[in-house]
Amino acid sequence: MDAPTPAAVLTSPVAEAPFRHLGALWVQVTGSWCNLQCRHCINASGPRAPWLAPMDAAEVRARVAEGVALGVKELYFTGGEPFLHPEILPLLAFALERAPTTVLTNGTRIDEVTADRLAALAAAARYSLEIRVSLDDPDRARNDAVRGRGSFARALRAIRRLDARGLLPILTATEVDPSPAGEGRYERLRRLLVQSGVRKPRVKILPLFPVGRMAGCGGGTVSPEMLDGIDPARLQCSDSRAVAAGGVYACPILAGLPSARLAVSSLADALRPTPLSHPACLVCWQTGASCRNA
């Protein structure tokens with residue numbers, strides 16, 4: 001699969017988000033390798049040969065250690081699908097000895113054995129483990145039209161398995177299509193969890209970003225004037241960085257894009273202002289969205 005189309009050449013001044021501190025580090029552990037091929041995927045992940053390679057375990061450990069040394073307070077493992085990585089559980093154990101850790105998954109690889117192992121990891125860990133499971137619509141047909149046949153049932157089973165073990169998963173949805181008239185997406189997803197027996201339903205909803213398979217669908221440039229009076233903390237790139245095979249990036253939305261790379265080998269080299277030059281940056285500016293749990 002080819003890499004997503006890079007941002008267009010800019011002809012007007014572009015704003016820069018000031019860098020405040022390194023609070024969160026995103027690890028694109030499986031690159032764009034995934035067992036699903038979602039219609040809205042921000043990095044065009046899928047089951048074919050990935051355009052963005054997975055990271056090897058040694059590189060992941062080195063990046064995590066470097067991030068913690070630089071002050072990271074939260075670690076996030078994403079992809080692709082992290083549970084395709086052959087060493088994902090040892091890598092999560094390594095991370096959990098150093099900082100609170102979240103793994104973002106489509107849930108399809110979380111069987112009973114994996115759920116047991118995650119529960120054991122969480123029980124033994126020094127820091128907290130969070131698991132976010134992607135499910136975009138409480139209607140099975142609408143969800144599977146976006147994420148692939150059978151993805152709804154498998155994700156919901158994963159949520160139930162994790163909840164049964166006290167892991168309190170976070171259902172994470174993207175606003176792919178408008179919700180039907182009436183009740184909003186959040187309320188509908190929360191009701192799905194309650195009806196499924198989830199004891200403490202947790203839901204996070206993200207906007208649709210014009211990147212990956214949705215490249216060209218909206219977005220635009222953030223000008224310097226648009227940052228006047230804006231608290232830098234509203235922009236996640238002011239205190240987050242993402243690492244992937246081949247470089248360091250401002251955020252997980254842009255990880256792997258050559259035009260968005262801030263550094264090649266050193267995380268410390270990427271701790272500087274971030275050009276808000278990608279169409280996805282406008283969505284962050286408009287919505288104040290954060291990929292983090294909060």
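If only residues of region 42-60 that are surrounded by fewer than 22 Cβ atoms within 10 Å (Cβ to Cβ) and among the hydrophobic types (A, V, I, L, M, F, W, C) are counted, the one that is modelled with the lowest pLDDT is Ala49.
Condition check ((1) within 30 Å of Pro180 (Cβ to Cβ); (2) outside any loop (DSSP other than H, G, I, E, B)) across all residues:
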site	(1), (2)
Gly67	no, yes
Gly80	no, no
Phe83	no, yes
Pro90	no, yes
Ala93	no, yes
Arg109	no, no
Ala119	no, yes
Asp137	yes, no
Arg142	yes, yes
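Residues that are under 12 Å from Leu167 (Cβ atoms), free of Cβ contacts under 8 Å to residues at least 40 places away in the same chain and of a type in the set (A, V, I, L, M, F, W, C) were ranked within region 93-122; the one that is surrounded by the fewest Cβ atoms within 10 Å (Cβ to Cβ) is Ala120.
Within region 153-170, residues that are in contact (Cβ under 8 Å) with a residue 12 or more places away in the chain and over 18 Å from Leu129 (Cβ atoms) reach partners that are β-branched (Val, Ile, Thr) and surrounded by 20 or more Cβ atoms within 10 Å (Cβ to Cβ) with beta carbons closer than 6 Å, at six or more positions or on different chains, in the pairs Arg154/Thr108; Ala155/Val133.
Against the definition (buried (at least 20 other Cβ atoms within 10 Å of the Cβ), among the basic types (Lys, Arg) and within 19 Å of the chain's Cα centre (by Cα)), how does Arg202 come out, yes or no?
Values: buried (at least 20 other Cβ atoms within 10 Å of the Cβ): no; among the basic types (Lys, Arg): yes; within 19 Å of the chain's Cα centre (by Cα): yes.
Spelling it out, it is not the case that Arg202 is buried (at least 20 other Cβ atoms within 10 Å of the Cβ), among the basic types (Lys, Arg) and within 19 Å of the chain's Cα centre (by Cα).
For region 216-241, a residue qualifies if it is in a loop (DSSP other than H, G, I, E, B), of a type outside the set (Val, Ile, Thr) and surrounded by fewer than 18 Cβ atoms within 10 Å (Cβ to Cβ), and the qualifying residues are Gly216, Cys217, Gly218, Gly220, Ser223, Asp228, Gly229, Asp231. Please indicate, with yes or no, whether at least one residue in region 160-167 is touching a Lys or Arg at 6+ places or on another chain (Cβ under 8 Å) and part of a loop (DSSP other than H, G, I, E, B). No, that holds for no residue. Checking each residue in region 38-78 for being out of contact with any helix residue (DSSP H, G or I) (no Cβ under 9 Å at 6 or more places or on another chain) and polar (S, T, N, Q) picks out only Thr78. The set of residues from region 80-92 being surrounded by fewer than 19 Cβ atoms within 10 Å (Cβ to Cβ), of a type outside the set (A, V, I, L, M, F, W, C) and in contact with a helix residue (DSSP H, G or I) (Cβ under 8 Å, 6 or more places away or on another chain) comprises Glu87, Pro90.
For region 108-147, the candidate set comprises residues that are over 17 Å from the mean Cα position of the chain (by Cα) and hydroxyl-bearing (Ser, Thr, Tyr); within that set, the residue that is farthest from Pro82 (Cα to Cα) is Tyr127.
For Thr102, the stated conditions do not hold, so it cannot be described as assigned to a loop (DSSP other than H, G, I, E, B), modelled with pLDDT of 95 or more and β-branched (Val, Ile, Thr).
A quick yes/no check of all residues on (1) of a type in the set (A, V, I, L, M); (2) over 16 Å from the mean Cα position of the chain (by Cα); (3) surrounded by 19 or more Cβ atoms within 10 Å (Cβ to Cβ); (4) at pLDDT 95 or above:
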| residue | (1), (2), (3), (4) |
| --- | --- |
| Gly23 | no, no, no, yes |
| Gln28 | no, no, yes, yes |
| Trp33 | no, no, yes, yes |
| Val72 | yes, yes, yes, yes |
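Looking across region 277-294, the residues that are closer than 18 Å to Ala24 by Cβ and either among the aromatic types (Phe, Trp, Tyr) or in a loop (DSSP other than H, G, I, E, B) (or both) come down to Gly288, Ala289, Ser290, Cys291, Arg292, Asn293, Ala294.
Only one of the listed residues (Gly197, Gly184) is surrounded by fewer than 14 Cβ atoms within 10 Å (Cβ to Cβ) and at pLDDT 95 or above. That residue is Gly197.
The values are calculated or read from the model by the stated rules, or taken from the named source; none is laboratory data. Fair warning: this is a prediction, and the values are worked out from it, not measured in the lab. No Cβ is skipped: glycine too gets one built from the backbone with ideal geometry, and neighbour counts run over all protein chains shown.
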